[in-house]
Every structure is written in C-alpha cells, then in structure tokens.
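Novice: So that we are looking at the same thing, I have put the structure below in structure tokens.
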Amino acid sequence: MYTASTAFPEALTEAGIDYIFANWGSDHPALVEALAEARATGRRVPAVITCPNEMVALSIAHGYAQVSGRPAAVVVHVECGTQALAGAVHNADKGRVPVLIFAGSSPYTQEGELKGSRNEFIHWIQDVHDQRGILRGYMRYDNEIRTGRNIKQLVHRALQFACSDPKGPVYLMGPREVMEEAVDPVAIDPAAWTPIEPTSLPEAGLAGIAVALAGARFPLVVTSFVGRQPAAVVELVALCEALGVGVLESVPNYVNFPASHPLYLGNQWNLPVQNSALAEADVILVIDSDVPWIPTVSRPAENAVIFHIDIDPLKQQMPLWYIAAAARFRADALTALRQLNRFVAGMEVGDVAARRTRFAALHEARAAALAGAEALGGEDSVRGEYVVACLRAVVDETTLVISEGISHYHTICDHLQMDRPGSLFTSGGGSLGYSGGAAIGAKLARPEATVVALCGDGSYMFSVPSSVHWIARAYGTPFLTIIFNNRGWKSPKLSTLAVHPDGFASRANTLDVSFDPPPDYAGIAAAAGGALAVTVRKPEDLAPALADALRTVREDKRCAVIDVWVPHL
Ligand SMILES: Cc1ncc(C[n+]2csc(CCOP(=O)(O)OP(=O)(O)O)c2C)c(N)n1
Ligand SMILES: [Mg+2]
C-alpha cells in the first residue's frame, strides 16, 4: 500500500531529514501505519523521537538545526498540538532556524465517505476555522495538503522556504482523509529543490565599506549572529586583522568572534550603561544583528558613519525597526565578508598597527576587570561569575554550550570566553524554555560532544524538565544542566526598577517574582530521567560537583543537573 503518508516521510528522507520529533494523535493513523509498514518492510524513513511535550519537540529541532545546520521535522496533533508548540514557535522564527512542522487536521467527512472519515468524538471538537492561522505570523510558508498526489512537491517546497535565507519554520497541515489517500509514487529530483543560493554584496558597496573602515580612527564591527556560519567568523577575523577593526557583540546568539582575540571588545545585553566602544566609534559595520544597540541606553555617536549588512536588513518580521545607516545591503555574511577580504587584499591600508595596539589595550583592560570579578561568593551562595569561571576551567574542544542564562547572559559570555565558532548558542528569541530541548538537539546533531545547558531557575521550569529528561534518557542524549538559581525571576524585577526606580515597587517587600523555597529542581530530572542530581550552595563544593557531573555525562551516559544557588534576586 502506497499512500500520501508513505510519500510524506519519503520526501523528508529525500531532503536529507534524519529526525521526526513526534507527538501523535487521532489525526495520524495513516502516518503511524506508514512508518510501521516502512520499518516492517525495510523502507528507509527518518528516526522518530517521541516527545511528550510539543514545545520541547520544537526546541529539540531548534538546537539540532543550530548545531547541524540542517532542518528536522516536528509532527504535532491538529490545532491543539499546534498551540502546544507554544513559544518555541516564536524562538524558531526569531532565531531563524529551519524546521518543518506538520500537523494533521480533523476529518472533513462524517459518514464514512472516505477512508479516515470521522469516527471519534474529538473530530468534531478539534475542527476549527483557521488552523494555519495559529502560526501564520511566524512561518516562512504555510499550506494545507489538499491531495496526496503532490504531497512530496509541497514538502520539498516548504523545505526550500525553511532553508533559504532568512531561514525559519514552515508549517504544513494534512486532513486525515488526504493522509490516507492511496496515490501513485512520484519521482522527485531533490537537486531541483535546493535552497536559494547566498546573496552577495553589490560590487559598488564593497569599496564604500572597505575604504571607510580602513580610513577610520575607531572602526567597529557590531554583530549578533554572524557566527551562525562558523566559516564567517574566520572571515570576520581576517577582515578585522587586515584593517585593524574592533568587534563588539550585541545580544550574541552565537560565537561571532574569538573572545580572547585582542580585537574583541566585549558584548552588551541589557546593561543600563552607554558602551564606550560604541560611543567612540567613527565608522561602524553592523553585520547580522537584530538589536545592534538600545538607543535609550547605549548608542553610536551622532556623526558615526554606519554600514548595515544583514540577511534580512528590513527585519521583515519586526513592525518597528530602523538604524541610521549610510548604506544598507541584503547579503549573506559569509559571502559578503569573503568579498570584502578579497577587496581589501589589494588595498593600501594606513595605520593598522596603531589601531591594533589601541584595541589590544582596551581588550587587556577588560580582561583584567573580568578576572577581578571572579570572586567566590558568600556563605550560602555562589557568585555567577565564579560559576562560569569554574565551567570555563573544564570546557574542552568538544564542549557545546546552550545558554538561557537570562540575567546571567552577560556573565556567561564575559566569563566563559569561548573562542571556538559554533560552541555557544542562545535561542535568538525571547520565549523561555528553550535550553533543555535545545541541549538534546545539540547532542543528537553531534553525539561525540559534551553538551552543557545553562539556565535560570525560572527558565528551567519553563523548559518542561520532566519531558526533557524522559526524552534524554530514552534516546541516549545525556547532557549537563547548570541552573543559576536566584530563587525566582530577577529579570521582571529589573525591568520594573528600570522604568520605576523610585516607585512603590522599589519599596515593596514582594514583587511576586520569587520561588522561595524553590522546588528541588535537580530532583525533578532525577525522577523523570534518572539524572544525577546535585544542589550546590557553597563555592568550595562547585568544582568537585562539576567534575562528578561531567564524569556522569561522559562515562555513565547519564544526564546531570547541578542546581547552584547564586545570590538571591
Ligand atoms: C514564555 C515566557 N514567559 C514569560 C517571559 C517573561 N520573562 C522574561 S525573563 C523572566 C524570568 C526568567 O527567570 P529566570 O530564568 O530564573 O532568570 P532570571 O531573570 O532570574 O535571571 C520572565 C518570566 C518570557 N520571556 N517568556
Ligand atoms: Mg531566576
């Protein structure tokens, strides 16, 4: 029997998709049957990972795509399973990660007219007006599969959108009757459905950018996600070295520049102070950044000349967005940086050495200040800086770090000091709960890696740890979690005080943001997936706990969760 549901995983396999992260329901009998038949008859289909929670499923696909560069498929149940994807939808969109989401939909016949016709009460309840509309604001493409006869073409077309820049999530839905439809096999040449080729800088733009950077007093690159392509980091280093350009990361989602490089000038998040490098710069190249600065807090000088290169310079998904650039280009960062490096190779460049020396001095001063901040902590808590310094001491060449540190984002970037492109990731979005699933995805993408998830205590709860740790054990994807437990949500408190520094809230005993006493976070993971569970409240206990946890993850192939009490929010 060859049905639309035989063809669906066949198309995924043709497109190079290795995983389906699945949460099944009454819409999926055809697909469950087709996968069982494929396994029984030896037909190749993607591996299925059962995900007890949809948000976790999509977060796994998110982390997997970030580390592997490849999309996975997420299969969910009709409109309610689609809703349960929750904020992971926002993260996949904002983070620009390719992923194909498929949901069934309620049968559209009720008298047995077609195979798959309604036979359960829920088929009336789950029939809604606009299932695709639930996600439309976040998708690169959405469509309904109306016949099994072109289902493979629709899967390949959807993936073409997902994998073409700006990459992102796509959504297909297929009603029960269509997914049951017997069809003739269709031959597809996957080479005809590959993503759009990367966009290059127009020749005219090259000279303007290169000459301005080369002639500047204080040239600066600002970036957030150039490092989504590790090869682009190598090109950025070459360009900055050739011209003597400093680098500032703003809200970095990837390792965009080696932290130990003398041209690296730091990273900025929500710190409510003007960044001095940004104020000083006279020529700025903003390349791949959604938030290069926050104008009410930190901004370039009035007369700074700004160039803007981005895969999505209009920020088409953001209703309010602008920067005062002298010129702006839609281009792939890797391609554009290669072009700029070729152009610069034939150029006369002035006092590069003097600029390099100046930036190196700034870099050194910053490094010294950071080292001075790595104090241990108090009686009953460990300072975040010290937590990250201890982790830095045990990071090796295979370590991948997923960061959902929230009020510790800055601390993590500052003190982890990752040099290796493709070794540190954040979601790129703002919906909490990404880190647990993303860690599983990272481990699936690179099984030989040691994966470490860093998260706030609130974010840990958002991540649905019961689901995450069941999956991690069931599918052999052990990783280490370190929770920055400040007993609640510090960030909403900081947000309030930033707007109302002297208001009632500033004097209130409670702002309803504390979890005190907190749950036994590590114990949740132990119960759900047999994780090693450790709570650390004294600085001297941290290094031994880390060593034990890494041994557990690497040798016993078991998850470990270290709940570290950092100072109270
Ligand atoms: C899904 C979701 N719900 C709510 C928020 C709003 N929010 C932003 S930060 C934050 C607190 C996070 O707590 P935690 O992870 O402990 O980090 P902390 O601020 O304490 O460092 C909340 C609730 C959000 N971003 N996403
Ligand atoms: Mg917290």
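Novice: Looking at the structure I just gave you, is L542 aliphatic (A, V, I, L, M), closer than 23 Å to V401 by Cβ and more than 27 Å from the chain's Cα centre (by Cα)? Step through it out loud before you land on a result.
Specialist: Details: aliphatic (A, V, I, L, M): yes; closer than 23 Å to V401 by Cβ: yes; more than 27 Å from the chain's Cα centre (by Cα): yes.
So L542 passes the test.
Novice: Could I ask something else about it? Among what's in the stretch 466-476 and is over 18 Å from the mean Cα position of the chain (by Cα) and in a helix (DSSP H, G or I), pick the residue that is nearest to ligand 1 (Cβ to nearest atom).
Specialist: First pass over the stretch 466-476, keeping only residues over 18 Å from the mean Cα position of the chain (by Cα): 466-467, 469-476.
After this cut, where a residue has to be in a helix (DSSP H, G or I) as well, the list is 466-467, 469-474.
Values: S466: 17, S467: 15, H469: 18, W470: 21, I471: 20, A472: 20, R473: 24, A474: 25 Å.
That would be S467.
Novice: Looking at S435, S403, which one is within 15 Å of ligand 2 (Cβ to nearest atom), farther than 17 Å from L542 by Cβ, under 13 Å from the mean Cα position of the chain (by Cα) and part of a helix (DSSP H, G or I)? Spell out how you get there, then give the answer.
Specialist: Details: S403 fails: part of a helix (DSSP H, G or I).
Unique residue meeting the criteria: S435.
Novice: Next up: Looking only at the stretch 148-181, filter to residues that are open to solvent by less than 40 Å² (accessible area, probe 1.4 Å) and without any contact (Cβ under 8 Å) to a residue 40 or more places away in the chain; which one of those is farthest from G116 (Cα to Cα)?
Specialist: Looking only at the stretch 148-181, we keep the residues that are open to solvent by less than 40 Å² (accessible area, probe 1.4 Å), and these are 148, 151-152, 154-156, 158-159, 162-164, 166, 168-180.
Keeping just the survivors that are without any contact (Cβ under 8 Å) to a residue 40 or more places away in the chain gives 154, 164.
On the way: L154: 21, S164: 35 Å.
Only one residue tops the list, namely S164.
Novice: Looking at (1) of a type in the set (V, I, T); (2) more than 15 Å from I483 (Cβ to Cβ); (3) open to solvent by 50 Å² or more (accessible area, probe 1.4 Å), which is the one condition that is false for V513?
Specialist: (3)
Novice: Taking interchain pairs and intrachain pairs at least six residues apart, which have beta carbon atoms under 6 angstrom, with the first residue in the stretch 521-543 and surrounded by fewer than 17 Cβ atoms within 10 Å (Cβ to Cβ) and the second aliphatic (A, V, I, L, M)?
Specialist: Qualifying pairs under 6 Å: G523/A533.
Novice: Follow-up question, since we're still on this one. Give me a count of the residues in the stretch 371-412 that are out of contact with any helix residue (DSSP H, G or I) (no Cβ under 6 Å at 6 or more places or on another chain), within 14 Å of ligand 1 (Cβ to nearest atom) and open to solvent by less than 50 Å² (accessible area, probe 1.4 Å).
Specialist: 4
Novice: Is there a residue in the stretch 517-524 that is assigned to a loop (DSSP other than H, G, I, E, B), within 16 Å of ligand 2 (Cβ to nearest atom) and of a type in the set (V, I, T)? First the steps, then the outcome.
Specialist: Taking the stretch 517-524 and keeping what is assigned to a loop (DSSP other than H, G, I, E, B), we get 517-520.
With the extra rule that they be within 16 Å of ligand 2 (Cβ to nearest atom), the set shrinks to 517-520.
Subset that is of a type in the set (V, I, T): none.
There is no residue in the stretch 517-524 that is assigned to a loop (DSSP other than H, G, I, E, B), within 16 Å of ligand 2 (Cβ to nearest atom) and of a type in the set (V, I, T).
Novice: From the list L320, L340, L362, L334, pick out the single residue that is open to solvent by 70 Å² or more (accessible area, probe 1.4 Å), of a type in the set (A, V, I, L, M) and more than 21 Å from L265 (Cα to Cα). Give the derivation first.
Specialist: Values: L340 fails: open to solvent by 70 Å² or more (accessible area, probe 1.4 Å); L362 fails: more than 21 Å from L265 (Cα to Cα); L334 fails: open to solvent by 70 Å² or more (accessible area, probe 1.4 Å).
Only one candidate passes the filter, namely L320.
Novice: Where residues in the stretch 446-467 are touching a strand residue (DSSP E or B) at 6+ places or on another chain (Cβ under 9 Å) and farther than 16 Å from D563 by Cα, which of them is surrounded by the most Cβ atoms within 10 Å (Cβ to Cβ)? Even if it seems obvious, please write down each step before you answer.
Specialist: Step one: filter the stretch 446-467 for residues touching a strand residue (DSSP E or B) at 6+ places or on another chain (Cβ under 9 Å), giving 446, 449-460, 462-463, 465.
Still in the list and also farther than 16 Å from D563 by Cα: 446, 449-451.
Working: R446: 16, A449: 17, T450: 20, V451: 29.
Result: V451.
Novice: Any residue in the stretch 223-241 that is more than 23 Å from C163 (Cα to Cα) sitting within a Cβ distance under 6 Å of a residue that is surrounded by fewer than 24 Cβ atoms within 10 Å (Cβ to Cβ)? List the pairs, counting only those 6 or more apart or interchain.
Specialist: Hits for this filter: A238/N341; L239/N341; C240/L263.
Novice: Please enumerate the residues belonging to the stretch 546-569 that are farther than 24 Å from V464 by Cβ and among the small types (G, A, S).
Specialist: Answer for the stretch 546-569, where residues must be farther than 24 Å from V464 by Cβ and among the small types (G, A, S): just A547.
Novice: Further, regarding this structure: Check E111 against each of (1) without any contact (Cβ under 8 Å) to a residue 12 or more places away in the chain; (2) of a type in the set (D, E, K, R); (3) in contact with a His (Cβ under 9 Å, 6 or more places away or on another chain) and name the one condition it does not meet.
Specialist: (3)
Novice: A further question follows. Kindly list the number of the only condition in (1) away from ligand 1 (no atom under 16 Å from the Cβ); (2) crowded, with 24+ Cβ neighbours inside 10 Å; (3) over 20 Å from R70 (Cβ atoms) that fails for A442.
Specialist: (3)
Novice: OK, next. Within the stretch 477-511, can you find the residues that are assigned to a loop (DSSP other than H, G, I, E, B) and within 11 Å of ligand 1 (Cβ to nearest atom)?
Specialist: First, the residues of the stretch 477-511 that are assigned to a loop (DSSP other than H, G, I, E, B): 477-479, 486-487, 489, 500-503, 508-511.
If the condition is that a residue be assigned to a loop (DSSP other than H, G, I, E, B) and within 11 Å of ligand 1 (Cβ to nearest atom), then N486, R487, W489 are the ones that fit.
Novice: Here's another thing I want to ask about it. Go through the stretch 221-269 and count every residue that is within 20 Å of A279 (Cβ to Cβ) and of a type in the set (G, A, S).
Specialist: The number of residues fulfilling the criteria is 5.
Novice: If you don't mind, there's one more thing I want to ask. Quick one: which of A65, A15 is of a type in the set (A, V, I, L, M), in contact with a helix residue (DSSP H, G or I) (Cβ under 9 Å, 6 or more places away or on another chain), open to solvent by less than 10 Å² (accessible area, probe 1.4 Å) and at pLDDT 95 or above?
Specialist: Details: A15 fails: open to solvent by less than 10 Å² (accessible area, probe 1.4 Å).
Just a single option satisfies the conditions, and that option is A65.
Novice: Same structure, new question: Taking only the stretch 242-263 into account, find how many residues are touching a residue at least 40 places away in the same chain (Cβ under 8 Å), open to solvent by less than 10 Å² (accessible area, probe 1.4 Å), among the hydrophobic types (A, V, I, L, M, F, W, C) and not in a loop (DSSP other than H, G, I, E, B).
Specialist: So the answer is 1.
Novice: Here's a check for you: in the stretch 268-290, which residue that is over 23 Å from G215 (Cα atoms) and touching a Phe, Trp or Tyr at 6+ places or on another chain (Cβ under 9 Å) is most open to solvent (accessible area, probe 1.4 Å)? It would help to see each step written out before you state the result.
Specialist: First pass over the stretch 268-290, keeping only residues over 23 Å from G215 (Cα atoms): 268-274, 289-290.
Next cut, touching a Phe, Trp or Tyr at 6+ places or on another chain (Cβ under 9 Å) only: 268-270, 289-290.
Details: Q268: 21, W269: 34, N270: 130, S289: 0, D290: 26 Å².
By that ranking, first place goes to N270.
Novice: Going by the conditions given, is S423 open to solvent by less than 10 Å² (accessible area, probe 1.4 Å), more than 26 Å from L511 (Cα to Cα) and within 12 Å of ligand 1 (Cβ to nearest atom)?
Specialist: Working: open to solvent by less than 10 Å² (accessible area, probe 1.4 Å): yes; more than 26 Å from L511 (Cα to Cα): yes; within 12 Å of ligand 1 (Cβ to nearest atom): no.
No, not satisfied.
Novice: Give me the pairs, please: first residue somewhere in the stretch 497-509 and in contact (Cβ under 8 Å) with a residue 12 or more places away in the chain, second residue anywhere and open to solvent by 80 Å² or more (accessible area, probe 1.4 Å), beta-carbon distance under 9 Å, and either six or more positions apart or on two chains.
Specialist: That search, which allows pairs on different chains as well, returns A498/N270; A498/P272.
Novice: For residues in the stretch 199-217 being of a type outside the set (S, T, N, Q) and not in a helix (DSSP H, G or I), which is farthest from G346 (Cα to Cα)? Working first, answer last.
Specialist: First, the residues of the stretch 199-217 that are of a type outside the set (S, T, N, Q): 201-217.
Next, from what is left, pick out any that are not in a helix (DSSP H, G or I): 201-202, 215-217.
Working: L201: 18, P202: 18, G215: 15, A216: 18, R217: 21 Å.
The qualifying residue farthest from G346 (Cα to Cα) is R217.
The values are calculated or read from the model by the stated rules, or taken from the named source; none is laboratory data. Since this is a predicted model, take the numbers as computed values, not measurements. Don't worry about glycine lacking a Cβ; one is built from the backbone with ideal geometry, like all the others, and counts go over all protein chains shown. Side chains included, ligands, DNA and RNA excluded: accessible areas come from the protein's heavy atoms. Shrake-Rupley method; radii C 1.70, N 1.55, O 1.52, S 1.80 Å.
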